[in-house]
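Since the structure comes first, as structure tokens, the remarks are kept for the end.
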Amino acid sequence: MPSFSRPHLSVLSEAATSQPAAAAPEAGAWPSATPAGDESWRLEALCAETDPEAFFPEKGGSTREAKRVCSGCAVRLECLEYALSNDERFGIWGGLSERERRQLRQQRRLRLSA
Ligand code: SF4
């Protein structure tokens, strides 16, 4: 199994906390309470208190438990925007699966090009 970075498993690095905001958020992005580059939201990741395996189900496996946890997470939007901005390809982030994030990216692209 490839190695994944989960919000709750990644300790905030010196670089992550001291870097200035990188780029302006993508136009049409969901509103975020934190500026780009600020990863302090990870400290409130609800998945830190759960089984990380649930967030990386095997192909065809259930995402229900992970999505249930995400639905009650205070930093869901920040997590989702992070995953979209960093092109996270695997696992559940911000309550969305890989396929759902891909669809959301496509919808945003279409909206921007309309
Ligand atoms: S939204 Fe889900 S994956 Fe993201 S930090 Fe919260 S619980 Fe973890």
(request) Exactly one condition in (1) modelled with pLDDT of 95 or more; (2) surrounded by 15 or more Cβ atoms within 10 Å (Cβ to Cβ); (3) among the small types (Gly, Ala, Ser) is not met by Ser32; state its number. (result) (1)
(request) Please go through the range 101-114 and pick out each residue that is open to solvent by less than 60 Å² (accessible area, probe 1.4 Å) and free of Cβ contacts under 8 Å to residues at least 40 places away in the same chain. (result) Arg101, Leu104, Arg105
(request) With the condition kept exactly as written, say whether any residue in the range 57-69 is in contact with a helix residue (DSSP H, G or I) (Cβ under 7 Å, 6 or more places away or on another chain), at pLDDT 75 or above and open to solvent by 60 Å² or more (accessible area, probe 1.4 Å). (result) yes
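The values are calculated or read from the model by the stated rules, or taken from the named source; none is laboratory data. Small disclaimer: the values here were computed from a predicted structure and weren't measured. Here Cβ is always computed from backbone atoms with ideal geometry, including for glycine, and neighbour counts include all displayed protein chains. Side chains are part of the model used for accessible areas, which takes the heavy atoms of the whole protein and leaves out ligands, DNA and RNA. Shrake-Rupley method; radii C 1.70, N 1.55, O 1.52, S 1.80 Å.
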